[in-house]
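Worksheet for the structure shown next.
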Amino acid sequence: MIIRPARPEDFDTWLPLWKGYQACYKADLSATTKDTWARLMDPPADGPFALVAEGDAAKLVGFTHYVFHGHTWRPGPSCYLIDLFTSPTERGQGIGRALIEAVYERADQRDAGQVYWLTEEHNSTSRRLYDKVATLTPFIKYQR
């Protein structure tokens, strides 16, 4: 498995993963998918950025998207891991962990004081991994 930045030619193999991710969250982002891809391919300095996991035969088996932003509690940036998805047929092989660790590496390169993400409380499968690679915080999300 190789973790690398997404490239323009990855769109056709990223798209089924992106649709699978949306299905997990019962979301339909088809109206913004092409715009999302365009922003991932030509991001501003703070992102969003895309990493992909490439398996056998150069097939994409997972992705993550992340962004950097300023913070008032520390001088360096923070890194928000926006999306993380692994193909259901490839789960349990360390792909999610490798993608998270790749984001950690990029955050370290930018002197980011933290890397954080959100997940649904009932997402027990993913949370087993997250409990191994990060610390659960007591914060509650509010949204307009």
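The values are calculated or read from the model by the stated rules, or taken from the named source; none is laboratory data. Treat the numbers as computed from the prediction; the structure is a model and nothing was measured. Note: ideal-geometry Cβ built from the backbone for every residue, glycine included; neighbour counts use all protein chains shown.
What to note about this one:
- For region 118-144, the candidate set comprises residues that are of a type in the set (Phe, Trp, Tyr) and more than 16 Å from the chain's Cα centre (by Cα); within that set, the residue that is farthest from Tyr104 (Cα to Cα) is Tyr142.
- Here the strands (runs of 3 or more DSSP E) wholly within region 34-96 that include at least 3 residues being within 15 Å of Ile2 (Cα to Cα) are 49-54, 60-69.
- For region 119-135, filtering for residues that are among the hydrophobic types (A, V, I, L, M, F, W, C) and either modelled with pLDDT under 95 or not in a loop (DSSP other than H, G, I, E, B) (or both) leaves 2.
- Test: His69 is exposed (fewer than 13 other Cβ atoms within 10 Å of the Cβ) and in contact (Cβ under 8 Å) with a residue 12 or more places away in the chain: yes
- Flag if Val61 is buried (at least 17 other Cβ atoms within 10 Å of the Cβ), modelled with pLDDT of 95 or more, among the aliphatic types (A, V, I, L, M) and over 26 Å from Gln143 (Cα atoms): yes
- Filtered by the rule that a residue be of a type in the set (Ser, Thr, Tyr) and either closer than 14 Å to Ala134 by Cα or touching an Asp or Glu at 6+ places or on another chain (Cβ under 8 Å) (or both), region 67-118 gives Tyr80, Tyr104, Tyr116.
- Close pairs (7 angstrom Cβ cut-off, 6 or more residues apart or separate chains): within 21 Å of Glu54 (Cβ to Cβ) in region 12-40, aromatic (Phe, Trp, Tyr) and assigned to a helix (DSSP H, G or I) anywhere: Thr33/Trp18; Trp37/Phe11
- Residue pairs meeting the criteria (Cβ under 6 Å; at least 6 apart or on separate chains; first surrounded by 10 or more Cβ atoms within 10 Å (Cβ to Cβ), in region 123-144; second at pLDDT below 95): Ser126/Thr119
- Being out of contact with any helix residue (DSSP H, G or I) (no Cβ under 7 Å at 6 or more places or on another chain), modelled with pLDDT of 95 or more and over 27 Å from Thr125 (Cβ atoms) is a property that Asp42 has.
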